Amino acid sequence: MAIRPILTVPDPILKQVSKPVEAVTDEVRALMDDMLETMYDAPGIGLAAIQIGVPQRVIVMDLSSGDQPRAPRYFVNPEILETVEDTLPYEEGCLSVPDFFDTVERPARVRLRYLNYEGKSVEEWADGMFAVCIQHEMDHLEGTLFIDHLSRLKRNYAVSKVKKAKRTAAA
Ligand code: NI
């Protein structure tokens, strides 16, 4: 396993649409292992492969809180089969937009289908933070960031904040 660098805005790679994975091979599992280690190191609760520059439809997540045992989840080729009309506003952040948070409103529950770490097809409902996180991560697969759901003014502010922080760190 290896920790990989996480791309941040305005890196154009983050705008790419990721491609479906043909099969969950050992190579894909090695990618998921690296993604999980990178996410824990950051630390974050979700990561899409494109955030480490790999345009494949792969997501890792762990929604366990501090004192709970780790509970990694893996999603390959995830699809949303159904959503409810109710929405849930939630203050989101993203490892590709460090130190910026704002509220996005998304469907409160979604029914998912994906392949897990073993390559088995799984269908389940997600709600609460799980629903928020999987929709946020699935946006990444389409080249969409959570700041793309905000006003242009807020989006520009977020990007310039990240650029400025990077310049300061490099100086
Ligand atoms: Ni994100």
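Assorted remarks:
- Meets criteria (on the phi < 0 side of the Ramachandran plot and in a loop (DSSP other than H, G, I, E, B)) for Arg29: no
- The stretch 36-58, residues that are buried (at least 19 other Cβ atoms within 10 Å of the Cβ), within 14 Å of the ligand (Cβ to nearest atom) and of a type in the set (A, V, I, L, M): Met39, Ile45, Leu47, Ala48, Ala49, Ile50, Ile52, Val58
- Here Met61 meets the list (1) farther than 25 Å from Ser151 by Cβ; (2) open to solvent by less than 50 Å² (accessible area, probe 1.4 Å); (3) without any contact (Cβ under 8 Å) to a residue 60 or more places away in the chain almost entirely, failing just condition (3).
- A search for C-beta distances below 6 Å between a residue of the stretch 132-146 that is free of Cβ contacts under 8 Å to residues at least 60 places away in the same chain and any residue that is near the ligand (Cβ under 10 Å from one of its atoms), counting only pairs 6+ apart in sequence or on different chains, returns Phe146/Glu92; Phe146/Cys94; Phe146/His136.
The values are calculated or read from the model by the stated rules, or taken from the named source; none is laboratory data. Remember, it's a predicted structure, so these values are computed and weren't measured experimentally. Cβ sites come from the backbone with ideal geometry, for glycine too, and all protein chains shown count toward neighbours. Calculation scope for accessible area: heavy atoms of the full protein, side chains included, ligands and nucleic acids excluded. Shrake-Rupley method; radii C 1.70, N 1.55, O 1.52, S 1.80 Å.
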